[in-house]
Amino acid sequence: MDLTRLILAILFFGALVGIYIFLFLKNRRTPKPAGCENLKADCDGCKDIYCPNHPKEES
Amino acid sequence: MNRMQNFKNGLIKDNPVFGLYLGLCSTLAITTSLNNAIGMGVAVIAVLILSNVIISAIRKIVPDDIRIPVYIVIIATLVKIIQMLIQAYAPALNSSLGVFIPLIVVNCIILGRAEAFASKNGIFDSALDGLGMGLGYLLAVLAMSFIRQLLATGALSMTNPFDESQVLFHLQLIPEDFTISMFSAPLGAFMTFAFLAAALSSYKQHIQRKEDEAAKAAKIAAAQAAKAAKEAA
Amino acid sequence: MFSELVALLITSVLLNNAVLNQFLGLCPFMGVSRKKSSALGMGMAVVFVIVAAGLVTYALYYLVLVPLKLEFMDLVTFILVIASLVQLTEMFLKKSSPALYKSLGVYLPLITTNCVVLNVCLVNISNGYDIPHMLVYTVGTPLGFALVLYIFSAIRERLEVADVPESFKGNPVALVVAGLMAMAFSGLAGII
């Protein structure tokens, strides 16, 4: 593997990660529209209670 | 002893597959033979331990805001490395597992453990947790493929994953006229899974009931002891 | 050529269904199928994300990765593209269409780790599809997913009131239903 391809690979990878992190943060800071603040997907397919989409059990 | 308890829970009671219902896709798809199950199980264990160790090692330097993107990148890189190793050294396994090796990236067990355990605990504990959860997954796929291969082909067999022409063992336990080919089809996969999950759920209910009864008995005994002490005084 | 594409469409929607034959996307299949309305929202969100991700990853693979001989980066590239697209779509819906956000935007965060999406991107490449085949496969697979999810949610609404043995309650009985659906769908095998 020659040096140019290595540099290109790292640049491409960095660009993708950069775009993703940028969009992730941008999306986080975009407020939810009115009326949707408490909407949740409530997916109970698995019992992974740490998943943010897992409905919290009342106990 | 808490560590040991965690480790044991991952195997049976909180088994990631039958207890928590994580990683269902690959469990149902690849469990047609013992070979596939062991190959997939070992690949998942390797990715899980490595990702847990790396994520635990960098947990203090990753900003909380962007931790999920970071986890996804780490896991994807690890899976690609494992996939390339399998392609190079076990091509037969690679072709029979197919797309399910790269799909380990989106296996919820890995991201779930990263988020729930490795991001909060030390390196050694995280590695142990990865091993426990990974063995739980291996146990689950082995149980599934044991039942499915035995009932669908009547035989239990394994070949050397690094050299497919070398048969390790081949036991024809059920005559070929009496096999149920349904068990290699999707219906068999769903049914086998449903019955194993129901068995675990009924075992858990049994334990729960026993614990409840023990707690009740202890409460009554304590109340009686208190009463006796009162009367004596 | 045309009949071949129609055959591929029928195969990817019905015969080689993502959920029932390939066991993909089982987590949302079990998780978001309690109500018909949520199944519909999830199904539409999946169709949208898969079509977008399929097109973008196909283009990136043949226009960037192949000329630069970086094919080994396919997996990392695809998962990052999918994750970015999910974020972009969610942000776009939040800003422009609250109604649409309400019905399908809430399911978007669940899609990043949905194996159907990554599977479509990978299969487009590994089967060496040309552009028409890629388009048909990319549209057909999520349609099959959405169809089965909707049917399953309709069955599950009835299942809620059924008398199920204690240890089968919840997911096990849902898996039995999925198995029976797989058997019913295998009866369609004679179509083509």
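Annotations for the structure displayed:
- Rounded tilt (10° steps) of A:3-29 against the dominant C-alpha axis of chain A: 20
- Counting Cβ atoms of other protein chains within 10 Å of each Cβ in B:94-101 and taking the mean gives 2.
- Given their separation in residues at 0.36 nm each and the Cα-Cα distance between them, B:Ala232 and B:Leu173 gain 14.4 nm when the chain is fully extended.
- Under 5 Å between amide hydrogens, built in the peptide plane, is the criterion, and for B:Asn121 it picks out nothing among residues at least 5 positions away or on other chains.
- For the protein assembly as shown, a simple Cβ point-charge model (Lys and Arg +1, Asp and Glu -1, everything else neutral) yields a dipole of about 1460 debye relative to the Cα centre.
- Taking Lys and Arg as +1 and Asp and Glu as -1, the other residues whose beta-carbon sits under 13 Å from that of B:Ile74 total +3.
- Spacing of the modelled spin labels on B:Ser165 and A:Ala34, each 7 Å from Cα toward Cβ, amounts to 7.5 nm.
- In order along segment B:134-141, phi translates into HN-Hα couplings of x, 5, x, 5, 4, 4, 5, 5 Hz, rounded to whole numbers, per the Karplus curve 6.51 cos²θ - 1.76 cosθ + 1.60 with θ = phi - 60° and x for Gly and Pro.
- Trypsin sites (Lys or Arg not before Pro) restricted to segment C:140-192 and DSSP loop, no more than 14 other C-beta within 10 Å: C:Lys169
- Degrees, to the nearest 10: C:131-159 long Cα axis against longest axis of chain C: 20
- Sparsely packed GluC sites (Glu not before Pro) within segment C:89-192, loop by DSSP, other Cβ within 10 Å at most 12: C:Glu160
- Mean-position separation - Cα centroids, segment A:1-46 and segment C:88-106, in angstrom: 16
- Extending 7 Å from the Cα toward the beta-carbon at both C:Ser97 and B:Ala199 defines two label points whose distance is 4.8 nm.
- Positive dipole terminus of segment C:60-172, leading residue within C:Ala146, C:Tyr101, C:Leu118 (C-beta point charges): C:Tyr101
- Peptide A:5-11, shielding by other chains (average Cβ, 10 Å cutoff): 2
- Footprinting exposure proxy for C:Thr113, A:Thr30, C:Thr57 (fewest neighbouring C-beta atoms within 10 Å first): A:Thr30, C:Thr113, C:Thr57
- Inter-chain shielding of C:99-106 (mean C-beta neighbours from other protein chains, 10 Å cut-off): 3
- Trypsin sites (Lys or Arg not before Pro), loop per DSSP, at most 16 other Cβ atoms within 10 Å - longest free stretch of chain B: B:121-233
- Between 0 and 90°, nearest 10: helix B:34-57 axis offset from chain B longest Cα axis: 60
The numbers here are math on the coordinates, done by the rules we state, and not lab data. Note that this is a predicted model, so its numbers are computed, not measured. Using ideal geometry, Cβ is built from the backbone for each residue, glycine included, and neighbour counts are taken over all protein chains shown.
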